[in-house]
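Report on the following structure.
The values are calculated or read from the model by the stated rules, or taken from the named source; none is laboratory data. Computed from a prediction, not measured in an experiment: that's the story for all the values here. Cβ: placed from backbone, ideal geometry, glycine included. Neighbour counts: every protein chain shown. These area figures cover heavy atoms from the full protein model, side chains too; ligands, DNA and RNA do not enter into them. Shrake-Rupley method; radii C 1.70, N 1.55, O 1.52, S 1.80 Å.
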Amino acid sequence: MTAAPSPRCDRISELTADQLRARLTEALHVYVTAMGYPPSTATQRGPMWSAHTMRPGWRCVGAFNDRDELIGIGYGYLGAAGQWWHEQVRRGLLSVGGDVDRWLTDYFELTELHVHPGSQGGGLGGEILRRLLLGAEGSTVLLSTPEGPTRAWRLYRRLGFDDVLRDYRFTGDPRPFAVLGRSLPLAD
Ligand SMILES: CC(C)(COP(=O)(O)OP(=O)(O)OC[C@H]1O[C@@H](n2cnc3c(N)ncnc32)[C@H](O)[C@@H]1OP(=O)(O)O)[C@@H](O)C(=O)NCCC(=O)NCCS
């Protein structure tokens, strides 16, 4: 059994693609633990997270404790036509007469944001997200999150995210999702 990492954040810093790949197992552990997913999910997601590092505008921020263990992770990249998520959101926007040009022309897709459960509730997720967006390319940022009164929702609202799509069903997932967005840059 893996011991729980020390919860206190010592530093938050940007990770290069090489640095994330070198710490991928650790990053995926934070992800499955935060989301409450079975450990096997990490194995499935590894190749995808690795491939995402090659996408234009990719940017990653991590939070570390005093033993240099990863306790929080966030990343995203510039979304583009042909990508699965882009096409799903486009389909959703078209179905409700939404503004495809405004949202899907030049956006940073916030793909992942997770804080280890032992370190949640103290503002760390907000700080990772702020650091990620301060250096992000794109004139808007978009994300999807399951509907429901979660901490993630409160965080996104606090940071000024508005509704883009509500109760949306992505192909292959029965849960209703919201797609949220806001303009960039983020005020310093
Ligand atoms: C969503 C998630 C990343 C947010 O990270 P977090 O560190 O827990 O959340 P926040 O940065 O918003 O901080 C949490 C609380 O600390 C408070 N806070 C903010 N700054 C603070 C500070 N400097 N000191 C103390 N508390 C602070 C906030 O008011 C917030 O309160 P609330 O959640 O009751 O509204 C994290 O909870 C998580 O990993 N959840 C599971 C995975 C998930 O849902 N990911 C998103 C998928 S879309």
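Kirkwood analysis of the range 132-188, using all unique Cα-Cα pairs, places the hydrodynamic radius at 12.1 Å. In the range 9-183, the alpha-carbon atoms span a convex hull of 114 Å³ per residue.
Relative contact order of the range 136-185, taken over Cα pairs closer than 8 Å and 6 or more residues apart, is 51 percent. In the full protein context, the chain carries 50 Å² of accessible surface per residue, based on a 1.4 Å probe and ignoring ligands, DNA and RNA.
In the chain, the portion of solvent-accessible area held by carbon and sulfur atoms comes to 52 percent [1.4 Å probe, whole percent, DNA, RNA and ligands not counted]. Based on the Cβ-Cβ distance from Thr41 to Ser13, what FRET efficiency comes out when R0 is 22 Å, to the nearest 0.05? Plugging the Cβ-Cβ distance into 1/(1 + (r/R0)^6) gives 0.25. Our helix-only sum for the chain, with -39,500 (n - 2.57) per DSSP H run of n ≥ 4 divided by its residues, gives a mean residue ellipticity at 222 nm of -10500 deg cm²/dmol.
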